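Worksheet for the structure shown next.
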Amino acid sequence: MDTGFLPGTSVVPCTKVEISVSCRNLTDNDLFSKSDPMCVLKLTEPKTRRILEVGRTETIKDCLNPVFVKKFVMDYYFEERQMLRFEIYDIDSQSRRLEDHDFLGFMECSLGELVSAPNSRFEKKLLGRTAGFGVIIVQTEEVSTCKDEVVIHMKGLHLDKKDFFGKSDPFLMLYRVNEDRSFTLAHKTEVVKNTLNPTWQPFCMSVRQLCNGDYERSVKIECYDWDSDGGHDFIGETMTNLRELTQAAARYELINPKKKAKKRSYKNSGEVSFFFFSLFLSS
């Protein structure tokens, strides 16, 4: 019987992994503000030893503790040693040339080290020429094959006022909850200026990105008041999951745990509503 096997054509075992990056205590290179960090991921090709750029995260303004939304997705080959280099830069212009920006530090490791780290969380000090350097945290997760997508439209109601001379400038951060109860940032909305009842722009994202294809997996939503110096004020948070969102019009109280612990009369710090939610299932 013909099995279809050809000598020399065996498939190298691999899986796709998603890589999330965050940093703590980065060097502050800007005189009148904080650094504007970006992460670049590079891979040393095992056979040719060429160094290839895998991708770049977004730039986060005025932040020494960035949590990057942009993820890297790579094929992980079990039998190969795939060497990675994470480089952090302070972005000073629109130039794509890395040498035009301030280098904040780097970290080198293998993809296997990241995948095998306890709870798939790898933390290491950055190396470099400047004092301080900071710490890089890399989390990995095997990528689900789910190809479903969602369109989400959200608004806030009666949010806490955080600004002394005006209303709040709110934005949302959506996280998926990991098995070890840590969080991976999945989406960040735009800032809506000077309002306690914001309506954010609708956004489309993959179900894989939001909850890695698991409709029962918890999703945390945090609401902040944006500040130009990067010290955003926490308004409140809530938890949900994709299964809940597909079953009913969803409206959630935003809770600030510190306020709740201090005041017996505390109810909430406003509400967040999913007033449009659409799920597109892959065939």
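The values are calculated or read from the model by the stated rules, or taken from the named source; none is laboratory data. None of the values given here were measured: they were computed from a predicted structure. With ideal geometry, Cβ positions are generated from the backbone for all residues, glycine too; neighbour counts draw on all protein chains shown.
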Checklist entry - Taking residue 252, is it touching a residue at least 40 places away in the same chain (Cβ under 8 Å) and among the aromatic types (Phe, Trp, Tyr)? => result no
Note: among 80, 108, 99, 123, just one is within 19 Å of the chain's Cα centre (by Cα) and of a type in the set (Asp, Glu), namely 123
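Residue by residue, here is whether (1) out of contact with any strand residue (DSSP E or B) (no Cβ under 9 Å at 6 or more places or on another chain); (2) surrounded by fewer than 17 Cβ atoms within 10 Å (Cβ to Cβ); (3) closer than 17 Å to residue 162 by Cα holds:
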site: 233; (1), (2), (3): no, yes, yes
site: 238; (1), (2), (3): no, no, no
site: 243; (1), (2), (3): yes, yes, no
site: 253; (1), (2), (3): no, yes, no
site: 257; (1), (2), (3): no, yes, yes
site: 266; (1), (2), (3): no, yes, yes
site: 273; (1), (2), (3): no, yes, no
site: 278; (1), (2), (3): no, yes, no
site: 282; (1), (2), (3): no, yes, no
Restricting the stretch 18-34 to residues that are surrounded by 14 or more Cβ atoms within 10 Å (Cβ to Cβ) and modelled with pLDDT of 90 or more, the one farthest from residue 143 (Cα to Cα) turns out to be 26
Just one listed residue, out of 87, 58, 53, 79, is assigned to a strand (DSSP E or B), surrounded by fewer than 18 Cβ atoms within 10 Å (Cβ to Cβ) and among the charged types (D, E, K, R), and it is 53
The residue that is farthest from residue 98 (Cα to Cα), considering only those in the stretch 33-48 that are outside any strand (DSSP E or B) and of a type in the set (Lys, Arg), is 47
Counted residues in the stretch 150-183 being in a loop (DSSP other than H, G, I, E, B), surrounded by 20 or more Cβ atoms within 10 Å (Cβ to Cβ) and small (Gly, Ala, Ser) come to 1
Among the residues of the stretch 188-217, the number that are in contact with a helix residue (DSSP H, G or I) (Cβ under 7 Å, 6 or more places away or on another chain) and not in a loop (DSSP other than H, G, I, E, B) is 3
When restricted to 218, 206, 265, 273, the only residue of a type in the set (Gly, Ala, Ser) and either free of Cβ contacts under 8 Å to residues at least 24 places away in the same chain or within 19 Å of residue 62 (Cβ to Cβ) (or both) is 265
Only one of (1) modelled with pLDDT of 90 or more; (2) under 21 Å from residue 271 (Cα atoms); (3) not aromatic (Phe, Trp, Tyr) does not apply to residue 141, and that is (2)
Q) Quick check: is even one residue across the stretch 200-211 surrounded by 13 or more Cβ atoms within 10 Å (Cβ to Cβ), of a type in the set (Gly, Ala, Ser) and either modelled with pLDDT under 95 or under 21 Å from residue 146 (Cβ atoms) (or both)? A) yes
